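Trainee: Right, I'll just put the structure down here and ask away after.
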Amino acid sequence: MIEVRRYHCQLEEIFHEGGPPPAQTLLRGAVAAVLGNPFAGRYEPNLGPFMDALQPLGLRMAERLVALMGERADAIESYGKGGIVGTAGEVEHGHVWHVPGGYAMRDLLARRGISTKAIVPSNTKVGPPSTRIDIPLTHVNASYVRSHFDTLELYVPGAPARDEIVFFLAMTTGARIHERVGGLRKEEIKGVDGLR
């Protein structure tokens with residue numbers, strides 16, 4: 001059921017956004033997997049088995065992403081996920097990624113000692129090859145931390161084909177450069193409910 005055609009990785013390092021350079025640069029990384037859509041061109045009432053079958057892929061992608069972040073992997077502070085479904089599929093085929101993608105990142109980061117109580121935000125859409133998507137990012141431990149509200153624009157050149165899906169995982173090592181819109185600070189997180 002899971003036939004990965006290729007992986008695509010992206011890593012950017014931000015030094016400043018028009019202001020003074022911060023003490024630490026910001027890393028933003030993402031991994032995408034392009035795979036065949038087993039439901040392309042037909043309606044499938046039960047997507048549960050596909051969701052279950054994606055769990056090993058979620059873990060492999062999370063491991064690739066942590067490796068991509070390199071020595072800064074222990075400083076992950078925000079994450080997000082998403083998917084683009086080829087035009088022979090439906091948006092629901094991308095939403096199966098919620099559990100396999102989200103829990104893989106949360107579990108892997110937790111094993112590295114990073115608290116991950118916050119839900120992993122997500123965005124899913126249907127589109128032709130080279131469609132772009134904005135992956136939402138929030139703090140891994142408290143969704144209300146405004147400094148970490150962000151998006152990462154991603155795409156895979158030439159994917160998805162009509163009968164494919166592209167799944168994405170994304171992580172960053174901190175807040176937006178020069179964030180200054182107030183709200184809950186990461187130092188104030190209580191870490192109880194994933195919100196505050």
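A short reminder: the numbers here are calculations on the coordinates, not readings from a lab. Just so it is clear, the model here is predicted, and its values are computed rather than measured. Heads up, the Cβs are rebuilt from the backbone with ideal geometry, glycines too, and the neighbour counts pull from every protein chain shown.
Trainee: Please compute the net charge surrounding Arg162, taking Lys and Arg as +1 and Asp and Glu as -1 over other residues with Cβ under 14 Å from its Cβ. Walk me through the intermediate numbers first.
Mentor: Values: positive: Arg5, Arg42; negative: Glu90, Asp163, Glu164.
Around Arg162, the surrounding residues sum to -1.
Trainee: Give me the angle, in degrees from 0 to 90, between the Cα long axis of helix 98-111 and the longest principal axis of the Cα atoms of the chain, rounded to the nearest 10.
Mentor: Orientation of helix 98-111: about 40 degrees from the principal axis.
Trainee: In degrees between 0 and 90, to the nearest 10, how far off the longest principal axis of the chain does helix 55-69 point, with axes built from Cα atoms?
Mentor: 40 degrees
Trainee: Determine the sum of side-chain charges near His98: Lys and Arg each +1, Asp and Glu each -1, restricted to other residues whose C-beta is under 15 angstrom from that of His98.
Mentor: On the way: positive: Lys81, Arg106, Lys125; negative: Asp52, Glu92, Asp107.
Here the count lands on 0.
Trainee: Using DSSP, restrict attention to beta bridges with both residues in the chain and report what percent are antiparallel, rounded to the nearest 5. Don't jump to the answer; show the numbers that get you there.
Mentor: Values: 35 of 40 bridges.
DSSP beta bridges in the chain are roughly 90 percent antiparallel.
Trainee: Hey, another quick one. Which of rounded, prolate or oblate describes the range 82-157 when judged by the alpha-carbon gyration tensor and an a/c cut-off of 1.5?
Mentor: On the way: a/c = 2.53, a/b = 1.77, b/c = 1.43.
Prolate is the answer for the range 82-157, as a/c is 1.5 or above and a/b outweighs b/c.
Trainee: Just from its helices, what would the mean residue ellipticity at 222 nm be for the chain, if runs of 4 or more DSSP H residues each count -39500 (n - 2.57) and the sum is divided by every residue, rounded to the nearest 500 deg cm²/dmol?
Mentor: Computed mean residue ellipticity for the chain: -6000 deg cm²/dmol.
Trainee: Taking the alpha-carbon distance from Lys81 and a cut-off under 20 Å, which lysines remain once sequence neighbours fewer than 8 residues away in the same chain are dropped?
Mentor: Partners within reach: Lys117, Lys125.
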